[in-house]
Amino acid sequence: MTPIEPLRRTYTHARQAFLAAADDVGAEVTTDVHPLDGPAGEELAVDVAWTGPRAAQRVLLVVSATHGVEGFAGSALQSHWLAHHVVDQPDDVAVVHVHAFNPYGFAWVRRVNEDNVDLNRNFVDWDHPPPTNADYGRLADALVPERWDDESRGAAVRVLAEATAEFGMAGMQQVVSGGQYDHPTGIFYGGAGPVWSHRWLRGWAADTLSGVAHLGVVDLHTGLGPWGHGELISHEHAGSPGYQRATAWWDEVRSQLDGESVSASLTGDWLGVVGQLAPNAEITAAALEFGTVDTLTVLDALRADAWLHAHGDPRSPDATEIRAQLRAAFADDDPAWLEALWERFAWVAERALTNLTDVRTPSTR
Ligand SMILES: [Zn+2]
């Protein structure tokens, strides 16, 4: 077995490795360029590598960087799969890698996108007013203060400790990270309408997924759970047919809707609309969430990042330090961490391919 290569230092290095690996195996690559540039003026894009039959009715879709910075790990897993495992894929299944679903966040080392939007809070039904989260509003100034210094951070710690005593740890996670639509410079902000990556996904899926009968989806994330552990998170209620299929494929998945997961219960995650993206498919989908550091360290990094982009200067020396803090919260350069991720991802992908191959009857949906 070839060991997985270390995490790349930048989005562009990760992108180059992905495109080179895709090219080496003759994948069909499509690129959609993002309207903005990266911090060094580099091009940003969503790149899709299609391996296996173009007209396959059975497809495994692997997505990285829904949360920008989390793409360091996701991209490494995709590139390693392309470089070493395409030969193992069944003949009648296509494996499709969406690289850097949120390329701006990846390049700028942010979890959010160019609009400070958390892409997995943006897929609400925009024909109706977005959900309200009044408790977040009470904490908004403490979470992202105007100044990021010892005094303001100390004051914030007291406010957040009081709120934690009131809501409890799980309640606090829900208030802070469940999503909010009223504070555009805050954290876990869901936006005011469909953002670029959201619109891209709907357009791409309409062009590519309508003929698919059986779709497996693995959306790669980092930043929650024990170090190196990969939890499969379902966007569906426990006991629903999709959840039961996911459990049959992968032995154990946890419903974020029902509070089984390390994640808060979400509104607006993209997996929540996956049925609209592939309307003729039977879909078995999960987020694969790998742990890094503890929750408070992750939260501190997210608050610093939100402050930097709301009140600081993303091109100042402060920014370098905060970006390093963000990267460390969502990507670990320890080879043992990445090896653990690879082992888990390879198992998840192989189980998905086995189950997609074993499907005999046509979809009855
Ligand atoms: Zn994530």
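Every read-out reported here was derived from the displayed coordinates using simple, explicitly stated rules and does not represent laboratory data. These numbers come from a predicted model, not from an experiment. Cβ sites come from the backbone with ideal geometry, for glycine too, and all protein chains shown count toward neighbours.
Looking only at region 106-156, count every residue that is of a type in the set (D, E, K, R), in contact with a helix residue (DSSP H, G or I) (Cβ under 6 Å, 6 or more places away or on another chain) and more than 15 Å from residue 322 (Cβ to Cβ) and tell me the total. Steps first, answer last, please.
Within region 106-156, the first condition is being of a type in the set (D, E, K, R), and the residues that meet it are 110-111, 114-115, 118, 121, 125, 127, 135, 138, 141, 146-147, 149-151, 153.
Going one step further and asking which of them are in contact with a helix residue (DSSP H, G or I) (Cβ under 6 Å, 6 or more places away or on another chain), we end up with 110-111, 114, 135, 146.
Of the ones still in play, those that are also more than 15 Å from residue 322 (Cβ to Cβ) are 114, 135, 146.
Here the count works out to 3.
Of the residues in region 25-44, how many are closer than 17 Å to residue 13 by Cβ, of a type in the set (A, V, I, L, M) and in contact (Cβ under 8 Å) with a residue 40 or more places away in the chain?
Counting residues in region 25-44 that are closer than 17 Å to residue 13 by Cβ, of a type in the set (A, V, I, L, M) and in contact (Cβ under 8 Å) with a residue 40 or more places away in the chain gives 1.
Go through region 7-39 and report how many residues are part of a helix (DSSP H, G or I) and at positive phi.
Here is the first cut: in region 7-39, the residues part of a helix (DSSP H, G or I) are 11-24.
Narrowing further to those that are at positive phi: none.
The total comes to 0.
Got at least one residue in region 193-206 being assigned to a helix (DSSP H, G or I) and more than 20 Å from the chain's Cα centre (by Cα)? Even if it seems obvious, please write down each step before you answer.
Of all residues in region 193-206, those assigned to a helix (DSSP H, G or I) come to 196-206.
Restricting the remaining residues to those that are more than 20 Å from the chain's Cα centre (by Cα) gives 206.
Yes, that holds for at least one residue.
Could you look through region 207-227, keep only residues that are under 15 Å from residue 263 (Cα atoms) and within 15 Å of the ligand (Cβ to nearest atom), and pick out the one that is surrounded by the fewest Cβ atoms within 10 Å (Cβ to Cβ)?
Result: 225.
Can you find a residue that is of a type in the set (Gly, Ala, Ser), under 24 Å from residue 130 (Cα atoms), more than 16 Å from the ligand (Cβ to nearest atom) and free of Cβ contacts under 8 Å to residues at least 24 places away in the same chain anywhere in region 228-242? Even if it seems obvious, please write down each step before you answer.
Kept after step one, since they are of a type in the set (Gly, Ala, Ser), are these residues of region 228-242: 228, 230, 234, 238-240, 242.
From what is left, the residues that are under 24 Å from residue 130 (Cα atoms) are 234.
Still in the list and also more than 16 Å from the ligand (Cβ to nearest atom): none.
So far as region 228-242 goes, no, none of its residues is of a type in the set (Gly, Ala, Ser), under 24 Å from residue 130 (Cα atoms), more than 16 Å from the ligand (Cβ to nearest atom) and free of Cβ contacts under 8 Å to residues at least 24 places away in the same chain.
Name the residue that is nearest to residue 302 (Cα to Cα), counting only residues in region 153-192 that are among the charged types (D, E, K, R) and part of a helix (DSSP H, G or I).
153
With the requirement that a residue be among the acidic types (Asp, Glu) and within 12 Å of the ligand (Cβ to nearest atom), what does region 104-138 give you? It would help to see each step written out before you state the result.
As a first pass, look at region 104-138 and keep what is among the acidic types (Asp, Glu): 114-115, 118, 125, 127, 135.
Listed by number, the list holds a single entry, 118.
Select from region 282-302 the residues that are away from the ligand (no atom under 14 Å from the Cβ) and assigned to a strand (DSSP E or B) and list them in ascending order.
Once the filter is applied, which keeps residues that are away from the ligand (no atom under 14 Å from the Cβ) and assigned to a strand (DSSP E or B), region 282-302 yields 282, 283, 284, 285.
Could you list, in sequence order, the residues of region 132-181 that are surrounded by fewer than 13 Cβ atoms within 10 Å (Cβ to Cβ) and touching a residue at least 60 places away in the same chain (Cβ under 8 Å)?
Scanning region 132-181 gives 146, 147, 170.
Which one is nearest to the ligand (Cβ to nearest atom), of the residues in region 45-87 that are part of a strand (DSSP E or B) and charged (D, E, K, R)?
Residues of region 45-87 that are part of a strand (DSSP E or B), as a first pass: 45-51, 58-63.
If we keep only those that are charged (D, E, K, R) too, we end up with 47, 58.
Values: 47: 19, 58: 26 Å.
Once the filter is applied, the top-ranked residue is 47.
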